[in-house]
Amino acid sequence: MSEQQTPGAGERMEPSIIPVEAYISEEYVHRERDNLWRKVWLQAGRVEDIPEVGNYITYDILDDSVLIVRSGPDEIRAHANVCTHRGRRLVDTPAGCRNAKGKQHKFVCGFHGWSFNPDGKCAFILAKEEWQDTLTDERTQLAKVNVDTWGGFIWINLDPNCEPLRDYLEPAASMLDPFQLENMRYKWRKFVEFDCNWKVALEAFDETYHIMATHPEFMAFGAHKGWAKAQGKHSNIGYDAPEGEEENQGKLRLGAGGDPRVATAEMQKFIRETVNAVTTDTLIDAAERLVDELPETATPGEVLKYWHERARGLDAERGVFWPEVPSDHVARSGTAWQLFPNAQIGHAVNNALCYTARPSGYNPNKCIFEVAALELFPAGQEPATEWVRGEPCAEDFGPVINQDFSNMAAVQAGMRNGLYRGNIPNPKAEGAVISLHRNLAKYMGSGQPEKID
Ligand code: FES
Ligand SMILES: [Fe+2]
């Protein structure tokens, strides 16, 4: 489905040039802390990371560290992860870990032993009377951080005056709600430090234009031409419909080739072997049945419909229920949403592939990149997963994502070249890059993409 035909489509991007300052300037990174990271909603974890009262995780971004705690069966709170006495970080992140995690009913500071309840109230102060009644609850409680949940994710905002999460996430939240991301669970999750700016890392995944050169094997399965739309602060991307078909099934694509029954199974198996996400064992199981269960004369449209319904039925038999999403909504939602500023959700009815990126210190040439594969599992059969630190290599992330990795440091190096004139993204397929910088410029006061003609 083309952009013009899509009802309620977002805005088309114009040919633009993006200055490199946002990618390479140290001064810009410092301003990002104040103007961006301390102002926006950030995806800090998943609700299932803290299932029981007292469970906590931390989330660090530049100088700021946040302690996120399940303070009640239906309540999550977030606090600045700093002791109110003399400023010791309250909960340390173990070396090499993405974040601290555990279960505590009291958070005890290692310096002088002040302790805090999950709701942030200070519960113990040694020799409190020596402060002569000046240590009020207000003065000693942990600083509050805004926290909310959507899509099964925990979001935080360091700005006390921030807009509500739901308002911030629209229209992405309403478009993605029918996919019921909150019912999915981690299949695996990894993080890695890259030698590139966080925007370079995200932008390697928010467009389909790179597929031909970076992932040439995928060309055997179809053209993979795509679109992007600005959606307020956010954006979404999708694939153009193959000729004569409607692109209405999100990530669940037919393989292209002589016999769609065979090509679909081959493509799904290839994706499992090389990405270990985006497809599921059930989708592959159903795809492998196509040759036996459908006649040779089945059209691509019939194959697609049968494959999905077969997989839906097989999953239902094991207690995994896909949401019913109208096909026009699937078409409009595309294949992935870029949630400003630093998260991407590649959604489908039974799985999601999610990325986030954030700075690693104040070096504009470094970032922390996270990949989480989510899936629907039968209740009680969710795998136990942890954030695993990886290296940017095929052994840790599979050959396809590693192909993306292979460009990142080289892009960062190239943009530092004094003779580089700035990014000129494809306005149709790489519009998410333009959208990101248009919105960044509003927070940062510089870096606005300029229209070219
Ligand atoms: S700094 Fe935490 S108790 Fe003193
Ligand atoms: Fe890629």
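Only the coordinates and a few stated rules stand behind these numbers; no lab work does. All values reported here derive from a predicted model rather than from experimental measurement. Neighbour counts run over all protein chains shown; Cβ positions are idealised from the backbone, glycine included.
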Long-range amide H partners of residue 65, meaning residues 5 or more apart or on another chain whose placed amide H is closer than 5 Å, are 81
Lysines with Cα under 25 Å of residue 428, excluding same-chain neighbours fewer than 8 positions away:
199, 225, 229, 233, 251, 442, 451
Can you list the aspartates and glutamates whose alpha carbon is less than 14 Å from that of residue 187, not counting same-chain residues fewer than 8 positions off?
48, 49, 281, 370, 375, 382, 386
Per the helix-only model, the chain has a calculated mean residue ellipticity at 222 nm (DSSP H runs of ≥4, -39500 (n - 2.57) each, divided over all residues, rounded to the nearest 500) of -8000 deg cm²/dmol
Going by how many other Cβ atoms sit within 10 Å of their own, how do 215, 105 line up, fewest first?
105, 215
Return the whole-Å distance between the Cα centroid of the stretch 181-243 and the Cα centroid of the stretch 317-358.
12
What value does the chain have for Rg/Rh, both radii from Cα atoms and Rh as Kirkwood defines it?
1.00
For 395, 430, order by how many other beta-carbon atoms lie within 10 Å, fewest first:
395, 430
Considering the chain, which cysteines have no disulfide-compatible partner, defined as another cysteine with its Cβ under 4.7 Å away?
97, 122, 162, 196, 354, 367, 393
When all C-alpha to C-alpha distances in the stretch 308-402 are sorted into bins of 5 Å, what percent of pairs does each bin hold, rounded to whole numbers?
3, 10, 15, 19, 19, 15, 11, 5, 3, 1, 0
For residue 77, net neighbour charge (Lys/Arg +1, Asp/Glu -1) across residues whose Cβ lies under 13 Å away:
-1
Taking only C-alpha positions in the stretch 42-161, Rg and Dmax in angstrom work out to 14.2, 47
Order of 385, 282, 136, 297 from fewest to most other C-beta atoms within 10 Å?
297, 136, 385, 282
Percent breakdown of C-alpha pair distances by 5 Å bin, ordered from the shortest bin, for the stretch 401-453
4, 16, 18, 24, 26, 9, 3, 0
